[in-house]
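One structure below.
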Amino acid sequence: MLKKYLTEEEQRSLFDTLKTTAGDVARRDGAVIRLLIHTGMRIGECLRLSVGDAVAALKTGYIYIPKEYRKGRAGEKRDHEVLVTEPVKMALNDLLFLRSHAPLDDALVVSRKHGMLTVRAFEQRVDYWAQRAGLPAGRGNGIRRGL
């Protein structure tokens, strides 16, 4: 299967659309997309992060992803750490701002109904934003597949 990636121009178009759209949902989605692009994390790994995980990442400089959250065979999976660069720090801070009153063990990314956002629901959000940005059909896959 051929992997699809967003070009720099497509990424710019997507982020311009997100920046010019008001509201917490656009801010949340933009922060998650930036987090995915700048870390290479899978959507499932990202959506399993808790508020406490984000706080710890900002303190230690690494996002810790336990092997239980990683894809692969049970015996082959390993814990993983992702470096918190400046763009990652900004994305985490945006997400923490939106969850400022949430307990540390709550999910960092939640739906509008405050439940845990599923991978499929976020894939639909990416497709929605890609369409709004005027990207060709299917270009949201460049994020969904983990850049």
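The values are calculated or read from the model by the stated rules, or taken from the named source; none is laboratory data. Here the structure is a predicted model, which is why all the values come from computation and not from measurement. We place every Cβ from the backbone using ideal geometry, glycine too, and count neighbours over all the protein chains shown.
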>> Every residue in region 74-115 that is free of Cβ contacts under 8 Å to residues at least 12 places away in the same chain, among the aliphatic types (A, V, I, L, M) and surrounded by 14 or more Cβ atoms within 10 Å (Cβ to Cβ), please.
In response: VAL110
> How many residues does region 95-127 hold that are among the polar types (S, T, N, Q) and in a helix (DSSP H, G or I)?
Replying inline: 1
>> Looking only at residues that are modelled with pLDDT of 90 or more and hydroxyl-bearing (Ser, Thr, Tyr) in region 1-42, which one is nearest to TRP129 (Cα to Cα)?
In response: THR17
> Across region 1-54, which residue is surrounded by the fewest Cβ atoms within 10 Å (Cβ to Cβ) among those that are small (Gly, Ala, Ser) and under 13 Å from the mean Cα position of the chain (by Cα)?
Replying inline: GLY40
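May I ask you to list the residues in region 116-133 that are touching a residue at least 24 places away in the same chain (Cβ under 8 Å) and either within 15 Å of GLY30 (Cα to Cα) or over 12 Å from the mean Cα position of the chain (by Cα) (or both)? Explain how you work it out, then say what you get.
Going residue by residue through region 116-133, those that are touching a residue at least 24 places away in the same chain (Cβ under 8 Å) are 116-119, 122-123, 125-126, 129-130, 132-133.
Across region 116-133, the qualifying residues are MET116, LEU117, PHE122, GLU123, ARG125, VAL126, TRP129, ALA130, ARG132, ALA133.
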> Can you name the residue in region 68-112 that is more than 18 Å from the chain's Cα centre (by Cα) and among the basic types (Lys, Arg) and is also modelled with the highest pLDDT among such residues?
Replying inline: ARG78
> Which of the residues belonging to region 128-147 are of a type outside the set (Ser, Thr, Tyr), assigned to a helix (DSSP H, G or I) and modelled with pLDDT of 90 or more?
Replying inline: TRP129, ALA130, GLN131, ARG132
> Can you tell me how many residues in region 43-67 are at pLDDT below 90 and touching a Lys or Arg at 6+ places or on another chain (Cβ under 6 Å)?
Replying inline: 1
